[in-house]
Amino acid sequence: MTAHSNIYPTKALQELDAAHHWHPFSDMKSLNEEGSRIITHGDGVWLTDSEGKKILDGMAGLWCVQVGYGRKDIADAVYKQMIELPYYNTFFKTTHPPAVALSEKLAKLAPDHINSVFYCSSGSEANDTVFRMVRTYWDKMGKPDKKIIIGRWNGYHGSTLAGTSLGGMKAMHGQGDLPVQGVHHIDQPYWFGEGHEMSPEEFGVVAARKLEQAIDELGEDKVAAFIAEPIQGAGGVIIPPETYWPEIRRILKERDILFVSDEVICGFGRLGEWFGSTHYGMEPDLMPIAKGLTSGYLPMGGVMVSDRVAEGLMMAGDEFYHGYTYSGHPACAAAALANLEIIEREGLVERVKSDIGPYLKERWLKLSDHPLVGEARMAGLVGALELVPDKANPHLPFKNVGTVGTLCRDLSFANGMVMRAVRDSMIISPPLVLSHEEADILVGTVEKTLNDTWQELKKDGHVS
Ligand code: PXG
């Protein structure tokens with residue numbers, strides 16, 4: 001095996017992987033029998049597997065590789081930093097140039113009222129930080145009873161204790177007796193799945209008012225914060241009706257609780273703005289970030305902190321007892337700076353808003369003509385297709401939820417494209433550098449994959 005060959009000993013790697021590697025969120029018994037897919041190279045929006053097959057990455061890794069693969073600028077910046085100072089901490093009155101430069105850069109990119117950042121290594125750690133930060137803030141404000149954090153069912157905020165608890169994934173709560181105390185969940189704004197008896201506009205307001213009801217029932221004096229993704233990613237690219245965020249904004253304005261916009265997926269250009277909350281005209285008190293911050297080249301996360309919360313927490317003679325060995329890691333900060341420099345230089349945020357975003361959306365929405373598709377939706381550069389058994393009754397789900405989605409996902413891989421399945425929705429979140437030609441290939445491959453899925457289902461009598 002050579003590092004630069006495109007052909008790897010697939011079988012041998014699969015056997016070793018099965019023997020020793022426990023994968024995240026995986027049915028390990030089946031996976032070990034089947035053998036893992038082995039990815040060896042990446043260039044632009046393309047991956048190569050151990051058999052030399054080229055695959056279009058419709059998911060930007062896990063929603064994170066904004067600038068595409070193979071960026072020498074980032075590798076060079078990290079190499080240079082590693083030689084100069086591979087590690088030093090940011091505890092005990094210490095800092096280093098990459099952490100300083102990145103903090104200044106992030107403060108410039110964030111809305112005016114947000115000017116500091118607390119670093120960690122992932123989105124999950126960012127949300128654990130959020131959990132402790134909001135409660136500590138209210139303690140310091142002399143309101144220690146404000147403890148409850150409201151999240152949403154089917155929201156995703158990571159897989160650590162706080163991340164799992166704040167998220168609303170019931171299967172995850174079932175493992176480890178979660179959520180922890182003091183977390184409350186409200187319904188999500190999922191019109192296609194849960195609100196179709198009303199118009200999307202009506203449902204958006206109804207879903208938002210679940211927050212108002214929850215705060216009023218729990219007591220404003222007990223509620224610390226509301227956390228939400230601008231658009232739910234892992235939950236299935238749930239794009240709220242246009243009326244949802246304005247109503248949430250009204251509710252938050254009338255009540256004194258903090259708003260946490262989880263920007264781990266929606267940040268760094270995904271929705272055509274630097275931050276997803278800006279796209280929806282929201283003013284968060286805290287913004288957890290990760291993924292697109294480094295385009296996944298190195299692990300880094302953080303919490304962007306508004307002046308209001310920073311002033312509350314930064315009291316003289318007191319400290320926030322929180323931090324990680326790798327908070328502000330110099331090599332990760334160098335990767336983030338080089339990544340942000342590429343995003344700015346190539347105008348990728350604007351490109352999503354006014355070029356590749358609308359170009360892909362126009363073609364993606366036409367997929368709703370396919371007999372298997374009940375709804376096609378897209379915002380910025382995230383999209384979903386709801387697969388349904390009967391187009392005449394599009395809100396009726398398949399009997400064994402998830403089976404058709406998994407089939408379609410596997411066929412997509414076979415056709416040379418990564419597309420993710422959530423229940424029976426097909427999800428894309430491609431790198432922001434996707435060209436028009438690649439967008440055409442993407443949509444063409446999805447069309448072929450839908451046809452292949454339809455044929456398979458017909459064979460088994462699942463559709464007529
Ligand atoms: N918040 C949001 C909104 C996320 O999407 C996290 C926090 C946690 O980040 P870390 O870096 O700890 O993973 C995420 C992560 C999927 C999938 O299959 C989604 C995520 C992670 C892994 C898989 O959709 N999102």
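The values are calculated or read from the model by the stated rules, or taken from the named source; none is laboratory data. From a predicted model like this one, the values you see are computed outputs, not experimental measurements. Every residue, glycine as well, gets a Cβ built from its backbone with ideal geometry; the counts of neighbours run over all protein chains shown. Surface areas here come from the heavy atoms of the whole protein model, side chains and all, with no ligands, DNA or RNA. Shrake-Rupley method; radii C 1.70, N 1.55, O 1.52, S 1.80 Å.
Data table
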| read-out | value |
| --- | --- |
| Residue in the stretch 67-89 that is closer than 24 Å to Gly347 by Cα, of a type in the set (A, V, I, L, M, F, W, C), in contact with a helix residue (DSSP H, G or I) (Cβ under 7 Å, 6 or more places away or on another chain) and assigned to a loop (DSSP other than H, G, I, E, B) present | yes |
| Test: residue in the stretch 11-25 that is surrounded by 12 or more Cβ atoms within 10 Å (Cβ to Cβ), touching a residue at least 40 places away in the same chain (Cβ under 8 Å) and not acidic (Asp, Glu) | no |
| Subset tally (residues that are closer than 30 Å to Ile231 by Cβ and open to solvent by 30 Å² or more (accessible area, probe 1.4 Å)) for the stretch 43-76 | 9 |
| Residue in the stretch 184-198 that is under 26 Å from Gly302 (Cα atoms) and surrounded by fewer than 18 Cβ atoms within 10 Å (Cβ to Cβ) present | yes |
| Number of the condition not met by Gly461 [criteria: (1) small (Gly, Ala, Ser); (2) crowded, with 20+ Cβ neighbours inside 10 Å; (3) in a loop (DSSP other than H, G, I, E, B)] | (2) |
| Selection within the stretch 210-226 - closer than 19 Å to Gly168 by Cα and either among the polar types (S, T, N, Q) or surrounded by fewer than 17 Cβ atoms within 10 Å (Cβ to Cβ) (or both) | Gln213, Leu218 |
| Pick from the stretch 382-430, criterion in a helix (DSSP H, G or I) and touching a strand residue (DSSP E or B) at 6+ places or on another chain (Cβ under 8 Å), ranking: most open to solvent (accessible area, probe 1.4 Å) | Arg409 |
| Residues of the stretch 271-295 satisfying the condition of being surrounded by fewer than 23 Cβ atoms within 10 Å (Cβ to Cβ) and either on the phi > 0 side of the Ramachandran plot or in the same structural domain as Gly61 (by TED's automatic domain parsing) (or both) | Gly281 |
| Selected residue [touching a Ser or Thr at 6+ places or on another chain (Cβ under 6 Å), touching a residue at least 60 places away in the same chain (Cβ under 8 Å) and of a type outside the set (D, E, K, R)] from Pro284, Pro288 | Pro284 |
| Counted residues, the stretch 135-168 - those being touching a Phe, Trp or Tyr at 6+ places or on another chain (Cβ under 6 Å) and within 16 Å of Asp187 (Cβ to Cβ) | 3 |
| Residue pairs meeting the criteria (Cβ under 7 Å; at least 6 apart or on separate chains; first among the basic types (Lys, Arg), in the stretch 55-73; second modelled with pLDDT of 95 or more) | Arg71/Ile342 |
| Residues being in contact with a Pro (Cβ under 7 Å, 6 or more places away or on another chain) and either more than 23 Å from Trp245 (Cα to Cα) or more than 11 Å from the ligand (Cβ to nearest atom) (or both) - total across the stretch 127-163 | 1 |
